[in-house]
1. For the chain, what is the Kirkwood hydrodynamic radius in Å, using each pair of distinct C-alpha atoms?
2. May I ask you to evaluate 6.51 cos²θ - 1.76 cosθ + 1.60, the Karplus curve with θ = phi - 60°, for each residue of region 254-265 and list the ³J(HN,Hα) values in order in whole Hz, giving x for glycine and proline?
3. Starting from one equal scatterer on each C-alpha and no solvent at all, send me the Debye-based log10 I(q)/I(0) for region 16-67 at q = 0.18, 0.19, 0.25 Å⁻¹, two decimals.
4. Once the piece of chain linking residue 381 and residue 265 is laid out straight, how much longer is it, given 0.36 nm per residue of separation minus the C-alpha distance between them?
5. I need 238, 27 ordered by Cβ neighbour count within 10 Å, fewest first.
6. Output wanted: per-residue J couplings in Hz (rounded whole) for region 344-350, from phi through Karplus 6.51 cos²θ - 1.76 cosθ + 1.60, θ = phi - 60°, x for Gly and Pro.
7. Dipole magnitude of the chain about its Cα centre, charges +1 at Lys/Arg Cβ and -1 at Asp/Glu Cβ only, in debye to the nearest 20?
8. Using only the Cα atoms, work out Rg/Rh for region 193-343, with Rh taken as the Kirkwood radius, to two decimals.
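Taken together, the values in this text are just the output of simple stated rules run on the coordinates, not laboratory data. Only a predicted model underlies this, so the values are computations on that prediction, with no experimental measurement involved. With ideal geometry, Cβ positions are generated from the backbone for all residues, glycine too; neighbour counts draw on all protein chains shown.
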Amino acid sequence: MGKIYTGIELGSSKIKVLVVEAIQDQYYVLSAVTVPSKGIKKKEVIDLKESSASLQVAIRKTEEQLGMKIEEAILVLPPLDVSYTMEKGSIEIENQVEGYDLKAVLKEAVFKKNNTGEEIVNVFPISFSVDDGPNVLDPKGTTGNTLSTKVVMATMPREVIYSFMQVIKSVGIRVVDTILAPQADYQTCETKDFNRKMGAIINIGEESTSVSIFNKGILIKNDLIKSGSLFVDKDLSYIYKVDLKTARKIKETFAITASRYADNNEWMEAVTQEGKTIRINQTETSKIIESRLQEILKLAKSAINNLTKREISYIIVLGGISELAGFAYLLEDLFGHKASVWNMKELGARHNQFTTVFGSCKYYHQRCTFFNEDGSMFSEEAQENLLSNKKKGSLGSEISLNKFFGHFLDN
């Protein structure tokens with residue numbers, strides 16, 4: 001039986017709840033829910049009552065799909081005013097390094113070292129060493145007297161974290177861990193090759209774009225650009241005099257991101273806010289979208305250059321708008337072959353809007369495995385009841401829980 005985890009992302013436009021089963025190094029989506037977000041603007045909670053109500057809707061839908069009550073979750077946090085510092089710590093060990101020793105030395109490295117008014121979000125170990133031995137990534141099983149570590153500590157203003165925690169707490173869910181959204185993105189896109197290199201991830205969100213630098217898989221710097229996919233919708237809304245909902249439909253179902261691949265003979269009709277029916281040309285529409293996305297990507301490119309002078313080996317771009325047709329061509333024009341668009345392939349969550357929340361579950365599973373802990377957020381009894389209920393369904397008792405849900409949610 002695998003371990004089941006719940007990730008929650010409270011975004012400005014959508015709230016996402018994802019439940020994932022991890023079996024060794026394989027991950028299976030059991031439930032993927034999105035609902036419109038209220039009470040959260042520019043990545044900050046501005047109305048607790050509204051945001052709690054939105055989250056409650058998402059949780060209820062998730063629990064209906066699963067047939068299990070959600071009591072714990074990992075919370076994704078936006079990278080607002082994050083500080084990164086490198087810290088060191090060491091502890092005495094009895095003999096052989098165990099998982100609890102790793103937790104103890106990480107705690108010692110950051111103990112009382114965060115600033116007043118700041119709260120620790122994540123601690124990323126760079127390396128460990130036992131006595132005078134070499135630096136290693138995983139010292140479990142090594143014998144010695146002293147265990148030392150170097151870590152990157154990420155902290156945020158306390159009031160930002162607490163506002164998001166309060167929303168989760170208001171619906172009766174306990175937060176077992178937190179993770180910064182860019183680090184969660186990396187966990188989803190992680191490869192062994194990336195873990196040895198310096199790279200960047202660009203996440204084009206609704207109201208802002210996150211630009212993050214990673215060194216050997218560890219988030220070390222981040223910047224937020226105050227422009228995102230909503231600006232594309234507003235451009236179309238202003239030019240064609242349609243509402244934002246219609247503008248978003250035009251963007252997602254009609255336009256081509258790279259205008260050179262658009263069809264000048266392709267047209268669609270739309271109704272303006274004044275009730276007038278107009279005809280919209282695909283090439284003209286694509287040029288509007290292309291212009292705004294070029295601006296966002298150029299700002300992201302400048303942000304990367306400002307964040308680091310070191311050579312970047314890879315650039316990954318994600319976010320819901322990266323799903324648009326032709327986006328990869330636009331990206332290659334600006335960044336060259338080292339840049340690529342991420343493509344979520346997990347059954348049940350085949351859309352880049354789930355990249356971050358999926359990565360939160362993957363991160364938590366890897367963390368628990370590293371510390372030799374059982375971090376499953378559902379009891380074995382609840383999992384067995386879930387499996388038993390699904391085996392009684394029309395698909396037959398030989399169908400596994402993972403395959404059933406993956407097929408069911410993908411269709």
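1. 22.9 Å
2. Running phi through 6.51 cos²θ - 1.76 cosθ + 1.60 with θ = phi - 60° gives 10, 7, 10, 4, 8, 4, 5, 9, 6, 9, 5, 9 Hz.
3. Treating every Cα as an identical point scatterer, log10 I(q)/I(0) equals -0.64, -0.68, -0.89.
4. 35.8 nm
5. Neighbour counts put them in this order, fewest first: 238, 27.
6. Karplus-based 3J(HN,Hα) across region 344-350 equals 5, 10, 5, 4, x, 8, 7 Hz.
7. 900 debye
8. 1.04
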